[in-house]
Amino acid sequence: MGTNRHDWLFGTGATPAEKLLAHATAALGALAVVLAGRHVGWSWWQWALGLALVWDLVGGVVANGLDTAKSFYHSPLPPTERRSVRFMHHPIGFTGLHIQPILAGILFPGGTWWWGVLWYGWALIGAIVVEVAPERLQRPIALAVVVAGAMVSPLLPGPAGLSWLPVVLLLKLVLAHGVPEGKGAPHGAISA
């Protein structure tokens, strides 16, 4: 990557206030999971995994929504960059690496393999559709994917204490990460 050091969490140049906002949101999410999940019967390792999930996903919604992260992930890499880095940098590759719902479906009580695969696939298909959509439709499509997931997720039985996961996953990957900043502005629009 040459002499430039990239920040894969926040994008290059995020301010301390932006980073604090992402971490504070993650901490609030962790507190909510602890309070709501007091009686879910998780073992110590499920609590550790659950808190890691909430920190990554909830904080990731804010981090991926930062202009610096959008600029980093939606700008080209040098042609000499390794294939693995290119894969992680691409919105679809980045989404594909997020196997958290599959792990949650398998490793937490009340979960099933198909629940995790469903939400993993929903996010991946959503990211693909947003990526190939015309510029003006990327944000509305991402919003449609997220809101459809928000309406469907309560209808399906999932792991105890993780009912928030599908919606937050979709917010992080399809909307916050998948839509480049400034997309969809009408041609010739005059700003006020």
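The values are calculated or read from the model by the stated rules, or taken from the named source; none is laboratory data. This structure is a prediction, so every number in the text was calculated from the model and none was measured. Neighbour counts are summed over all protein chains in view; Cβ atoms, including those assigned to glycine, are modelled from backbone coordinates with ideal geometry. Calculation scope for accessible area: heavy atoms of the full protein, side chains included, ligands and nucleic acids excluded. Shrake-Rupley method; radii C 1.70, N 1.55, O 1.52, S 1.80 Å.
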Take the conditions hydroxyl-bearing (Ser, Thr, Tyr), over 18 Å from the mean Cα position of the chain (by Cα) and modelled with pLDDT under 95 and apply them to Ser84. Does it pass?
yes
In the stretch 6-47, what count of residues is obtained for those that are part of a helix (DSSP H, G or I), out of contact with any Leu (no Cβ under 7 Å at 6 or more places or on another chain) and farther than 17 Å from Ser163 by Cα?
12
Can you tell me how many residues within the stretch 101-122 are open to solvent by 20 Å² or more (accessible area, probe 1.4 Å), in contact with a Phe, Trp or Tyr (Cβ under 8 Å, 6 or more places away or on another chain) and in contact (Cβ under 8 Å) with a residue 60 or more places away in the chain?
1
Per-region count, the stretch 70-90, residues in a helix (DSSP H, G or I), open to solvent by less than 30 Å² (accessible area, probe 1.4 Å) and among the aliphatic types (A, V, I, L, M):
1
Against the conditions (1) in contact (Cβ under 8 Å) with a residue 60 or more places away in the chain; (2) closer than 25 Å to Gly121 by Cβ, where does Gly96 fall short? Just the number, please.
(1)
Search the stretch 161-176 for residues being assigned to a loop (DSSP other than H, G, I, E, B) and touching a residue at least 40 places away in the same chain (Cβ under 8 Å), and hand back the single one that is nearest to Val61 (Cα to Cα).
Trp164
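Condition check: within 22 Å of Ala150 (Cβ to Cβ) and either more than 13 Å from the chain's Cα centre (by Cα) or not in a helix (DSSP H, G or I) (or both). Does Gly50 satisfy that?
Taking the combined requirement at face value, the residue satisfies it.
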